[in-house]
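To start, the structure under review is shown below, and the notes come after it.
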Amino acid sequence: MNHAVAGGVRVSAGRRKPTLGQFLRRKSTIAFVMALPLIVIIGSLVVYPAFYSFYLATLNKSMERFVGLSNFSFLFTRETFWMVVKQSIIFAVSAVVLKALIGFTVAHFVHNIPVRGQRKWRGMLLVPWVMPPAMSVLAWLWLFDPSYSAFNWLLQKMGASAVPWLGNPYWARFAVILVNVWVGAPFFLIMYLAALKSVPEQLYEAAAIDGANWWQKMWFITLPMMRNIIAITTLFSLIVTFANFDIVRVLTNGGPVDQTHVFATWAFRIGIESNDIPLGACVSLFMFPILALAAIFILRDINKRGGEA
Amino acid sequence: MTTAAATVETKVGPPRKSSMRRDRQRALFWSYVFLIIFVIFFLTPPVYMIITSLKTSAEISAATTPWWVLNPTLQNYVEILTSRTYLTFFRNSAVVALAVVLVTMLVSIPAAFALSRMKFWGSATLATGVFLTYLIPDTLLFIPLFKIFVFLHDLTGIEFLNHWWLLIIIYPTLTVPFCTWIMIGYFASIPKELDEAALIDGAGYLQILTKIFMPVALPGIIAATIFAFTVAWAQFLYPLAFTTSTDQLVLPVGIVTTLIKGDVFNWGQIMTGALLGAAPPLIIYAFLMDYYIAGLTAGATKG
């Protein structure tokens, strides 16, 4: 009887099983083949080089001998290294904060005006983000030119003295951050504008009936509703800004006297221009911790949303 | 009754409404004032590029009025557009960008389809992994990649470095993860009934992808294409690290390294070259702004 039941089940499954099994196998095989180019590209040109750079960082300059962590300990003794660490952090944090503030403010202004005109303003405000940085930064380089600076011309017309935009370390740091804010603020603007538009109008109406003032609406409705977008945009921008290369390279190339180098430009100077690949790999690896941190946050976010759905 | 309520409201309304309207108008006024200030900040460099590009070298070095053109001339444009080196940069950039767009689409559309619709072993992990690789910046990878290509040269005898086609191999690493991610989002929003119906009618997976998914997700494909093109056009670090000969350079590197030579800066030509170099993404943006923004926001909101 037991046998009969099993047989019966087998018969009914048997009619489907080959086709279903074949179907499943075929489906997953096709899927894998379709995803294969992606896996090959990411595996060979992103994942492998990322791990390879850890290995490279443990070699000596001619890459013949394993030297362990002595590249790192050598870096720690160099004054320039600590300067780069400081500058990278100042650069990334202040630029991201300014970008977020400007993006948030301007998004509100755009959101305030009639919908009909918003497209036009948004279009103009996004231009810095669309231009390739290497080319738009050339315009800034020309605006900051030591002898023909158009800003200094205006300052002098107004009776102020000329500013050594890229010649003085402090002004150069300011200039690099300013240009980064100029390039990156539109990204925040677009993200925050999209978030603002997704806040239901009824919430504000309900708050208005309850007598909430502007600050209360901002603090209890707008900010909580935008929290996710603010977090993820800031995280993205922190990674991109921390790893920034184009702006510093074109604007100051690390100067004056290495005062504006960030990890990426200094790694390029050492690894490619001075041909010390292991030490350059070593420097660029310092961008890794912030990356890992961001990855953890984002993974947590994805898992949480996966749980909710 | 409703009319009564309405008349009551209009009677009570006027004084409050007018003060509210005045508040509203003041807010509007200040919004415009600040928007104008920010637009000036955002548009000063491109406008200054245009101003400088219309000047002769003599007028630039006289520096009487940096913010205005006294004798506008198109001489810089003529010189740049007849310069063999500049046209080579432009051609290299165009070929690389278009090839990268093609490769990116061929890789990421099938992959996104497979990852969003056809579950296989490890597909969920792979989808997350794709997103994480998007976070690995080019500045972390250029040194190991450089070494890898030197090593491959020693191994096979093929010279990878200092050839513009190398960029077609490398750039997809910057575009494929994000494009795949966008496309997964778009494909996931297509109702399952659609492909189930097609399966029942006997369509193969390739047919489902090309006949149903790609037409329905066309806005996503356009957004991904624009993203891939913009990234490929603007990339600066890889060509700077991997190519050196003048005839192998792409625009961003070509302008920065060859037009700026020694102490003599011909700013009129540099600005013209940079402006023309920035033109293709700007033109695409001007015509397809909505797709551009959709791609930008989809990446983060669909995370």
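Any read-out appearing in this document is the output of simple, stated calculations on the displayed coordinates, not a laboratory observation. The shown structure was predicted, so the numbers you read here are calculated from the model rather than taken from an experiment. Here Cβ is always computed from backbone atoms with ideal geometry, including for glycine, and neighbour counts include all displayed protein chains.
Observations on the structure shown:
- Under the combined filter of DSSP loop state and at most 14 neighbouring Cβ atoms within 10 Å, the stretch B:72-145 retains these trypsin sites (Lys or Arg not before Pro): B:K119.
- Filter on A:K99/B:K55; A:K27/B:K211; A:K99/A:K120 - keep pairs with C-alpha separation over 27 Å: A:K99/B:K55
- At full extension, A:I113 and A:V257 could sit 47.2 nm farther apart than now, given 0.36 nm per residue minus the alpha carbon distance.
- Relative exposure of B:D154, A:D246, A:D258, judged by other C-beta atoms within 10 Å (fewest first): B:D154, A:D258, A:D246
- Residues B:F29 and A:Q216, FRET efficiency given R0 of 30 Å [Cβ-Cβ distance, rounded to 0.05]: 0.80
- The stretch A:166-236 and the stretch A:63-125: distance between their alpha carbon centers, rounded to Å: 16 Å
- Coil-residue trypsin sites (Lys or Arg not before Pro) of the stretch A:51-154, DSSP, other Cβ within 10 Å capped at 12: A:R65, A:R78
- Range in chain B, longest, excluding exposed chymotrypsin sites (Phe, Trp or Tyr not before Pro) [loop by DSSP; at most 14 other beta-carbon atoms within 10 Å]: B:122-303
- Note on A:D301 and B:W67: the model spin-label points, each 7 Å out from Cα along the C-beta direction, lie 4.0 nm apart.
- A full extension of the chain between A:R78 and A:T105 corresponds to an added length of 5.6 nm, given 0.36 nm per residue minus the alpha carbon distance.
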